[in-house]
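A short write-up of the structure that comes next.
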Amino acid sequence: MKKTILVVPILVLVWGTTAFASMEQIKIYKEAFPDAKPKCITCHTDALPKKDDGKHELNAYGKEVLKQVKEGEKATAESYKAVGPVENFKAPEEGK
């Protein structure tokens, strides 16, 4: 019982911090591109993290944004603006 009392708040804290970081980056992306509707899949290959490591793999857009970020810092609106909107990284539709 005592272990449960200790484990639950720790899990809530870890989960809440992860969710906040994602929402924080979505807000920053929207600051750079106000009309955009970003999702996790904007910068990552999967919408949800893998269970084993809890991290997403970055897609080409996410990797380019990461190149704009100084080590130990998070992406800013300027980072996203330097790379441009995610639409620039999508392959053109076939036949158009």
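Looking at (1) modelled with pLDDT under 85; (2) out of contact with any helix residue (DSSP H, G or I) (no Cβ under 6 Å at 6 or more places or on another chain), find the lone condition where G72 falls short.
Against the list (1) modelled with pLDDT under 85; (2) out of contact with any helix residue (DSSP H, G or I) (no Cβ under 6 Å at 6 or more places or on another chain), G72 comes up short only on (1).
May I ask you to list the residues in segment 1-26 that are modelled with pLDDT of 85 or more and surrounded by 13 or more Cβ atoms within 10 Å (Cβ to Cβ)?
Within segment 1-26, Q25, I26 meet the criteria.
Determine whether K96 is at pLDDT 85 or above, in a loop (DSSP other than H, G, I, E, B), out of contact with any helix residue (DSSP H, G or I) (no Cβ under 8 Å at 6 or more places or on another chain) and surrounded by fewer than 10 Cβ atoms within 10 Å (Cβ to Cβ).
no
When you scan segment 47-65, do you find a residue that is assigned to a helix (DSSP H, G or I), hydrophobic (A, V, I, L, M, F, W, C), modelled with pLDDT of 90 or more and in contact with a Leu (Cβ under 9 Å, 6 or more places away or on another chain), even just one?
yes
Only residues that are within 16 Å of F89 (Cα to Cα), modelled with pLDDT of 90 or more and among the basic types (K, R): list them for segment 27-46, please.
If the condition is that a residue be within 16 Å of F89 (Cα to Cα), modelled with pLDDT of 90 or more and among the basic types (K, R), then K37 is the only one that fits.
The values are calculated or read from the model by the stated rules, or taken from the named source; none is laboratory data. On a predicted model such as this, the values are computed, not experimentally measured, just so you know. We place every Cβ from the backbone using ideal geometry, glycine too, and count neighbours over all the protein chains shown.
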